[in-house]
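The values are calculated or read from the model by the stated rules, or taken from the named source; none is laboratory data. The structure displayed is predicted, hence computed values, not measured ones. Backbone-built Cβ (ideal geometry, glycine too); neighbour counts: all protein chains shown. Calculation scope for accessible area: heavy atoms of the full protein, side chains included, ligands and nucleic acids excluded. Shrake-Rupley method; radii C 1.70, N 1.55, O 1.52, S 1.80 Å.
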Amino acid sequence: MLTDIDAIACNHPRMHTILKDCPFEVLREMEIQTFKKNKFYLPQGEMHAFVYIVVSGNVKVYVMNESAKQVTLDIYSCGNFIGEQEAMIQKPFSASIVSISEVTLIKIPDKAFLYWLSKDANFNQIVIASLCEQMYKLTNRTIKYSLDSVRSQIISSLLEESNGQKSAMIQKKVILDSVSSTNRSVYRVLNQLEVEGSIVISGDEIEIVDREKLWIDPERKR
């Protein structure tokens, strides 16, 4: 197992940064696990006795809103931690986690994780930075969900997923999951945006064709 951990550190620069000063006692308690898409799942509201580090693949962090709609909070990839907040405060998971591709994870018992934090200043700083980044993203998403209209949420999600590219195909499901409203409302706004000429919908994919038109609200022009 230690040989496998060493291989991960050698093949993934981000993982090398995280693991380089890890105490031997913690390394011995680590377990490498691989899961297929949708097979790694940690439900919201339950206690879990392990922290995970994503080595490869992607996992989705999401919550269910009052309408029982799934709302995506973040997508984790290599170097992201799962369950570190809950391990430190001994609380149930505040969100659900599911693999959205094949993923490889390092599994660490909570006790070993906390010991690692106390002994490794480099790791401590990495975890603090990770928590700050999560808080920053969550604050922005909270503003988006609480203050923005459904239309504004959809436009923000479209632009975020396009990553500034002039031509990018965006999965419709990603937009549905990122907006705090019913799917019916999301579809209505998407259809309206297509009629206005700012996007084109092709099956399960959306393409932005006119970014300037996206921000023109026809209701305000009247």
Cβ pairs under 9 Å, 6+ apart or interchain, first in region 20-36 and over 13 Å from Ile108 (Cα atoms) and modelled with pLDDT of 95 or more, second open to solvent by 100 Å² or more (accessible area, probe 1.4 Å) and in a strand (DSSP E or B), ordered by first then second residue, are Phe35/Tyr41
Just to be sure I understand, how many residues within region 79-91 are open to solvent by 10 Å² or more (accessible area, probe 1.4 Å) and either in contact with a Pro (Cβ under 9 Å, 6 or more places away or on another chain) or of a type in the set (A, V, I, L, M) (or both)?
3
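Taking Lys119 as the residue in question, decide whether it is modelled with pLDDT of 85 or more, touching a helix residue (DSSP H, G or I) at 6+ places or on another chain (Cβ under 9 Å) and within 30 Å of Met88 (Cα to Cα). First the steps, then the outcome.
Working: modelled with pLDDT of 85 or more: yes; touching a helix residue (DSSP H, G or I) at 6+ places or on another chain (Cβ under 9 Å): yes; within 30 Å of Met88 (Cα to Cα): yes.
It is true that Lys119 is modelled with pLDDT of 85 or more, touching a helix residue (DSSP H, G or I) at 6+ places or on another chain (Cβ under 9 Å) and within 30 Å of Met88 (Cα to Cα).
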Positions within region 153-176 being surrounded by 14 or more Cβ atoms within 10 Å (Cβ to Cβ) and without any contact (Cβ under 8 Å) to a residue 24 or more places away in the chain, in sequence order:
Ser156, Ser157, Glu160, Glu161, Leu176
Exactly one of Val179, Val150 is within 30 Å of Val200 (Cβ to Cβ), surrounded by fewer than 19 Cβ atoms within 10 Å (Cβ to Cβ), at pLDDT below 85 and of a type in the set (A, V, I, L, M, F, W, C), and that residue is Val150
Let me confirm something: among Thr104, Thr17, Thr34, which residue is surrounded by 15 or more Cβ atoms within 10 Å (Cβ to Cβ) and of a type in the set (Ser, Thr, Tyr)?
Thr104
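Taking the condition of being aliphatic (A, V, I, L, M) and open to solvent by 40 Å² or more (accessible area, probe 1.4 Å), how many residues in region 37-51 meet it? So that I can check it myself, show each step before the final result.
First pass over region 37-51, keeping only residues aliphatic (A, V, I, L, M): 42, 47, 49, 51.
Subset that is open to solvent by 40 Å² or more (accessible area, probe 1.4 Å): 47, 49.
Final tally of qualifying residues: 2.
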